[in-house]
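**Q** Dropping the structure in here first, questions after.
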Amino acid sequence: MVLPLAVLAAYLVFSLLVGLCGSQRRMGFTGTFLLSLVVTPVIALLVLLITGPSRRAEMARRAELKRQTELLRRARSR
C-alpha cells in the first residue's frame, strides 16, 4: 500500500523536527533524523529523552552557570 503524499510529507516534517531537537544531543541532527526515519519520530523522541546532551552543550551550560554564579556573588557583596 502506498502512503498518501500528505502523510509522507508530515512524516518527513516530524522527522526533521525531531532531528532539530536532537542537534544538541550526542547523536546530533543526522543521527536523530535517520533514527526517526527508520523508527517513528515518537520513538526517536523517547530516545532523545534517554541520551544526554553533547559535551559541547554541557560545557556551554556549565560556563553559563559559572558566569551567573559569579554575577550573584558580586551583587551580594555590594
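**Q** Of the residues in the stretch 43-78, how many are acidic (Asp, Glu) and closer than 21 Å to VAL18 by Cβ?
**A** 1
Results for (1) at pLDDT 90 or above; (2) surrounded by 10 or more Cβ atoms within 10 Å (Cβ to Cβ), shown as yes or no for each residue.
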residue: VAL39; (1), (2): yes, yes
residue: ILE43; (1), (2): yes, yes
residue: LEU49; (1), (2): no, no
residue: GLU58; (1), (2): no, yes
residue: ALA63; (1), (2): yes, yes
residue: GLU70; (1), (2): yes, yes
residue: ARG78; (1), (2): no, no
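**Q** If you check GLY19 against the conditions, is it surrounded by 10 or more Cβ atoms within 10 Å (Cβ to Cβ), assigned to a helix (DSSP H, G or I) and without any contact (Cβ under 8 Å) to a residue 12 or more places away in the chain?
**A** Numbers: surrounded by 10 or more Cβ atoms within 10 Å (Cβ to Cβ): yes; assigned to a helix (DSSP H, G or I): yes; without any contact (Cβ under 8 Å) to a residue 12 or more places away in the chain: no.
Answer is no for this residue.
**Q** Can you say whether GLY31 is touching a Phe, Trp or Tyr at 6+ places or on another chain (Cβ under 6 Å), part of a helix (DSSP H, G or I) and buried (at least 16 other Cβ atoms within 10 Å of the Cβ), as far as the supplied structure shows? If you could, list the steps in order and put the result at the bottom.
**A** Numbers: touching a Phe, Trp or Tyr at 6+ places or on another chain (Cβ under 6 Å): no; part of a helix (DSSP H, G or I): yes; buried (at least 16 other Cβ atoms within 10 Å of the Cβ): yes.
No; evaluated as a whole, the condition is false for this residue.
The values are calculated or read from the model by the stated rules, or taken from the named source; none is laboratory data. This is a predicted model, so every value here is computed, not measured. Neighbour counts run over all protein chains shown; Cβ positions are idealised from the backbone, glycine included.
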